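Encoded as structure tokens, the structure appears first; notes follow it.
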2 protein chains.
Amino acid sequence: MGYGNVSERRSAPPQIGVTSVILALESEAHGHARCRLWLPLVQRTREPFKGMWALPGGQLQANRSLEESAFATLASTTDLHPTYLEQLYTFGDPMRSSNGIPMVSVCYWALLDHTDLGAELGTAANAHNVRWFPVDDLPELAFDHTTIVEYALWRLRHRMDAPNVVRQLIAEPFTLGQLRDVVEAVLGEELDLANFRRKMLASHTLEDTGEVAREGRRRPAALYRFADHAEEEGFAFFAEHVAGNPHGARGTLQVDSPDDVLSALMPHA
Amino acid sequence: MGYGNVSERRSAPPQIGVTSVILALESEAHGHARCRLWLPLVQRTREPFKGMWALPGGQLQANRSLEESAFATLASTTDLHPTYLEQLYTFGDPMRSSNGIPMVSVCYWALLDHTDLGAELGTAANAHNVRWFPVDDLPELAFDHTTIVEYALWRLRHRMDAPNVVRQLIAEPFTLGQLRDVVEAVLGEELDLANFRRKMLASHTLEDTGEVAREGRRRPAALYRFADHAEEEGFAFFAEHVAGNPHGARGTLQVDSPDDVLSALMPHA
DNA sequence: CCAAAAGTGTTGATATTACACCCATGT
DNA sequence: ACATGGGTGTAATATCAACACTTTTGG
């Protein structure tokens, strides 16, 4: 690309990119190791940071909304369908330059449906220069992407009390024990099952399917699903602010604005 | 500006703007009406929405960070110094076009020091096409700016438990009664003074100056100031996440990343 | 019967709320 | 003295963490 010298490039209009942190939870570890979060990275083919791993992203297309562009970054790395998408933050320090061109990145984070991550690890993984990594064992990342990932994980942890988030991480129906395992994996801390159970049931976001899971030589556990009204209920801080699905399109994709409020304020959506 | 037809403009690279919601609290209503929040608006001189009121903003300059650009929007509307600045959200729907050119707006919200708003209302107000409005009595706004303002107010309310935010809204030293009045004004709900006092004192974010305020024919009230370590303390949800001042520059300007965490994650800051 | 996880009960610590009450002051 | 907000006390209630205990299954 034929740009002038550095000072000319510095004064060029800033480019807008969209970058995504795509998270998926490993299907339950049968071996009883705690299941982990994974995310896909792309190996850079150009300078700067050529050869290093980076978050998937791309330039913002003129006729696309930010959400649509974020969705495009998902399509470029996986065929699976994200079920949750939320804007994370916009980074715009001029030092974050690419080839000297000032770069603004609108960052999103997304959850992939509790789908079989194993299949994904086999297919798209080696097909392109895309590979999935467990979040607790990432390589050194290009740009400030390490910061972005850490922030996305922080956001996820603080969204775990929103039914719309948790429900993406587990397949229905599920036992309360399984649900706790998932929450524990994300939060990275142990939870007393007795108290966890009470809190969940008191939240009125779950409904009993009437079925039971008989597994191993122990007492069968009741199976639950998320109640349809779970979005409006919530069970903690976000109770009053949880938004519906303003996007509408793309099946079950949930697009929640930050802190869940914005879309509720949107006149049109 | 000589652009082509609509479809050509649609495919032009998106423009990046920075838009700010600047909030200031009316100096204590002596007449005993509850003090209100105000914000400055700019009257548009061009299409679209020519003549309507809009949030101050401008194009992102290539060699400026987003924060610096947000700060520039402040300078364009007021001489006062903001003491708090936080990124709000980035809007990027292509329908939000200006002259058909896709427009991405990175929005910030800022607090102006508890300074005498009255002076401000007189000077900058009529000098340019800038005027201050109380947030509960805004005119119809251009673009989606009404949504942005409502969201900024929501954010402010949910930041009131962060000492760094509250401290911008009141002049030190202050009585607990005055502090309660401020919080009540922002939250829009009444607070039991006895409980409010206990919670504040238990938070260890205040320190007694030893002075008393003798006013009117009643018992003098103790005067407090915010403790220096108030930033690290916090007294509620954000306790663990409150960030220091990563910006450093510009005196007392506080730049907190959303949910207060990001800057704590920043490697350099 | 036993191991193991499901599920229930209980208890003490801590917060939150509502409200009664006293205190210190200028007029 | 008294009205007024400053400041304290307190009892009812809610929340929550910890942990003992019972239940139900497969082996």
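A short reminder: the numbers here are calculations on the coordinates, not readings from a lab. Because the structure is a prediction, the values reported are computed rather than measured. No Cβ is skipped: glycine too gets one built from the backbone with ideal geometry, and neighbour counts run over all protein chains shown.
Identify, for chain B, the residue whose C-beta comes nearest the rotation axis onto chain A, and round that distance to whole Å.
B:THR90, 2
B:GLY216 label points, 7 Å along Cα→Cβ, one per copy: pairwise distances from this copy to the rest in nm, shortest first?
6.6
Counting other Cβ atoms within 10 Å, which GluC sites (Glu not before Pro) in the stretch B:176-217 have at most 14 and lie in a DSSP loop?
B:GLU189, B:GLU190, B:GLU215
Would you please give the residues with an amide H less than 5 Å from that of A:HIS81, counting only those at least 5 places away or on a separate chain, with H modeled from the backbone geometry?
A:ASP113
By count of other Cβ within 10 Å, fewest leading, how are B:PHE71, A:PHE143 ordered?
So the residues, fewest neighbours to most, are A:PHE143, B:PHE71.
Quick one: Karplus J couplings for the stretch B:160-177, per residue in order, coefficients 6.51, -1.76, 1.60, θ = phi - 60°, nearest Hz, x for Gly and Pro?
5, 8, 9, x, 4, 7, 4, 5, 6, 9, 9, 8, 8, x, 9, 8, 5, x
Could you list A:CYS35, A:CYS107 in order of exposure, starting from the residue whose Cβ has the fewest other Cβ atoms within 10 Å?
So the ranking, lowest neighbour count to highest, is A:CYS35, A:CYS107.
What nm value, rounded to one decimal, do you get for the distance between B:SER27 and A:ASP208 when each label is placed 7 Å out toward the C-beta?
Between B:SER27 and A:ASP208, the label points sit 6.4 nm apart.
Roughly how many debye, to the nearest 20, is the charge dipole of the stretch A:129-228 about its Cα centre, given +1 on each Lys and Arg Cβ, -1 on each Asp and Glu Cβ, and no other charges?
Taking the Cα centre of the stretch A:129-228 as origin, the dipole is about 440 debye.
In nm to one decimal, list the spacings between the B:ARG36 label point and its equivalents in the other copies, with label points set 7 Å along Cα to Cβ, shortest first.
5.7
For A:MET52, go 7 angstrom from Cα along the Cα-to-Cβ vector, then report the distances to that same point in the other copies in nm, smallest first.
A:MET52 label point versus its equivalents elsewhere: 4.4 nm.
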